[in-house]
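Working notes, structure below.
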Amino acid sequence: QVQLVESGGGLVQAGGSLRLSCAASRSIFRINAMSWYRQAPGKQRELVAVITNSDNTHYADSVKGRFTISRDNTGSTVYLQMNSLKPDDTGVYYCKASEVRDYWGRGTQVTVSS
């Protein structure tokens, strides 16, 4: 089992940057994949970025070139660096750990003003 706590959200103007962190309750070194999802008001939760335990990454088309996912293999944290933010990036951002089952954090709010 693993508990996840997201942080780093907030209010930012369009064009700005934020760095989200996802702190796990234990080492993430052996976790198959760590992901960031987001959910905008009235919309379904969508995948933003994934990083595997071999450091392969995948991004949603809408964030390619602007967001970067990374992880600290010596510790228990996954990051999402978000640059050139747009109002459409607004939503609650969730961290997920994928092992035999999935574990979710409670999310952190990101609001991008125009």
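What do you reckon, is Ile51 surrounded by 15 or more Cβ atoms within 10 Å (Cβ to Cβ) and in a loop (DSSP other than H, G, I, E, B)?
no
What is the residue count in segment 89-114 for residues that are out of contact with any Leu (no Cβ under 8 Å at 6 or more places or on another chain), touching a residue at least 12 places away in the same chain (Cβ under 8 Å) and farther than 16 Å from Trp36 by Cα?
Summing the residues that are out of contact with any Leu (no Cβ under 8 Å at 6 or more places or on another chain), touching a residue at least 12 places away in the same chain (Cβ under 8 Å) and farther than 16 Å from Trp36 by Cα in segment 89-114 gives 1.
Being surrounded by 13 or more Cβ atoms within 10 Å (Cβ to Cβ), modelled with pLDDT of 95 or more and on the phi > 0 side of the Ramachandran plot narrows it down to one of Ser35, Ser21, Ser84, so name that one.
Unique residue meeting the criteria: Ser84.
In the list Lys43, Lys64, which residue meets the criterion of being under 21 Å from Gly10 (Cβ atoms), open to solvent by 20 Å² or more (accessible area, probe 1.4 Å) and assigned to a loop (DSSP other than H, G, I, E, B)?
So the residue among Lys43, Lys64 that is under 21 Å from Gly10 (Cβ atoms), open to solvent by 20 Å² or more (accessible area, probe 1.4 Å) and assigned to a loop (DSSP other than H, G, I, E, B) is Lys43.
The values are calculated or read from the model by the stated rules, or taken from the named source; none is laboratory data. What you are looking at is a predicted structure, and each value in this text was computed from that prediction instead of being measured. We place every Cβ from the backbone using ideal geometry, glycine too, and count neighbours over all the protein chains shown. All accessible areas refer to the heavy atoms of the entire protein, side chains included, with ligands and DNA or RNA removed. Shrake-Rupley method; radii C 1.70, N 1.55, O 1.52, S 1.80 Å.
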